[in-house]
Amino acid sequence: MSAAAGYDLWASDYDRFDNPMVALAALAFAQARLPLGGAAFLDIGCGTGRNLGLARDGGAATLVGIDGSSGMLAQAKARLGSAATLVETDLAGTWPPLPGAPFDIACISLVLEHFPAVAPIVATAAKLLKSGGVLFVAEMHADLAAAGTGAHFEKDGKVHRLPSFGHDAAEFRVALAAAGFAPCDIAEWAADDHVARIPKLAKHRGKRVLANFVARKA
């Protein structure tokens with residue numbers, strides 16, 4: 001099953017699913033303290049619009065979301081109404097012109113695991129950012145992928161697994177440098193540090209579960 005087809009099937013239940021990775025990515029987004037006030041904000045792989053909603057609540061002036069799943073975009077539309085411009089396109093293909101570009105902030109959250117390499121999307125994000133703009137990334141850690149964990153869901157008694165690839169810090173650093181971002185720290189979040197707040201992470205004790213960084217375009 002392709003990622004787009006899987007998310008179309010998952011869309012109606014996605015926000016009702018108690019997903020520890022979504023909860024951890026939301027915590028990373030909050031702790032990043034992005035300069036949202038008055039910003040033009042792009043969410044790449046926006047899904048049901050969770051991060052667009054957070055950006056709106058943080059004072060972003062322009063909200064644009066892009067995703068390959070019509071089902072997820074329908075959920076985002078229900079969440080955000082006319083507050084955001086939503087664009088459906090294959091993220092692995094050529095993107096159409098996006099209203100609001102260039103952007104102050106681009107967000108990629110729990111999306112890159114579905115792509116065999118991060119460099120193409122990081123490069124496209126860089127082209128859509130203003131000079132000095134920032135890229136926020138929160139992604140499943142490569143340790144989880146190596147242990148066989150990936151995006152999956154159950155529907156009508158059947159477990160559906162989506163395409164999943166691990167990406168380590170070294171791959172991110174190479175992609176960021178090639179795309180013109182300044183060097184940045186890459187935080188590797190351990191499950192053990194967050195079980196008290198997100199109990200379902202307990203099954204991943206001893207593993208790093210999230211890679212997270214904010215990179216600035218030179």
Quiz prompt | Long-range amide H partners of residue 40 with built H, under 5 Å | solution = 61, 62, 104, 105
Exercise. Enumerate the amide H contacts of residue 210 below 5 Å, restricted to partners 5 or more residues apart or on another chain; note that Pro and chain-start residues carry no placed amide H.
Key: 141, 189
Quiz item: Are there chymotrypsin sites (Phe, Trp or Tyr not before Pro) in the range 1-87 that DSSP puts in a loop and that have at most 15 other Cβ atoms within 10 Å, and which ones?
Solution: 17
Quiz item: Residue-wise, which Karplus ³J(HN,Hα) couplings in Hz belong to the range 162-179, taking 6.51 cos²θ - 1.76 cosθ + 1.60, θ = phi - 60°, and x for glycine or proline?
Solution: 9, x, 9, 10, x, 10, 9, 4, 4, 5, 4, 4, 5, 5, 5, 5, 5, 8
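What's the local net charge at residue 108, with K and R +1, D and E -1, over the other residues with C-beta under 12 Å away? Show your work: numbers first, answer last.
Working: positive: none; negative: 43, 67, 113, 139.
Summing Lys/Arg as +1 and Asp/Glu as -1 gives -4.
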Exercise. Using a/c under 1.5 as the rounded threshold, could you call the range 46-159 rounded, prolate or oblate? The axes a ≥ b ≥ c are square roots of the C-alpha gyration tensor eigenvalues, and prolate needs a/b larger than b/c, oblate otherwise.
Key: oblate
Quiz prompt | Spatially near lysine pairs across the chain, Cα under 30 Å, sequence gap of 8 or more or different chains | solution = 14
Quiz prompt | Correct option for Cα extents along the principal axes in Å [calculated from the coordinates] among (1) 61, 36, 26; (2) 53, 31, 31; (3) 42, 36, 32 | solution = (3)
Quiz item: How large is ³J(HN,Hα), in whole Hz, for each residue of the range 66-74 in order, when computed from phi with the Karplus curve 6.51 cos²θ - 1.76 cosθ + 1.60 and θ = phi - 60°, using x for Gly and Pro?
Solution: 10, 7, x, 10, 5, x, 5, 5, 5
Self-check item: Inter-label distance for residue 123 and residue 203, nm, one decimal - labels placed 7 Å from Cα along Cα-to-Cβ
Solution: 3.7 nm
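Every read-out reported here was derived from the displayed coordinates using simple, explicitly stated rules and does not represent laboratory data. Just so it is clear, the structure is predicted and the values come from calculations on it, not from any experiment. Here Cβ is always computed from backbone atoms with ideal geometry, including for glycine, and neighbour counts include all displayed protein chains.
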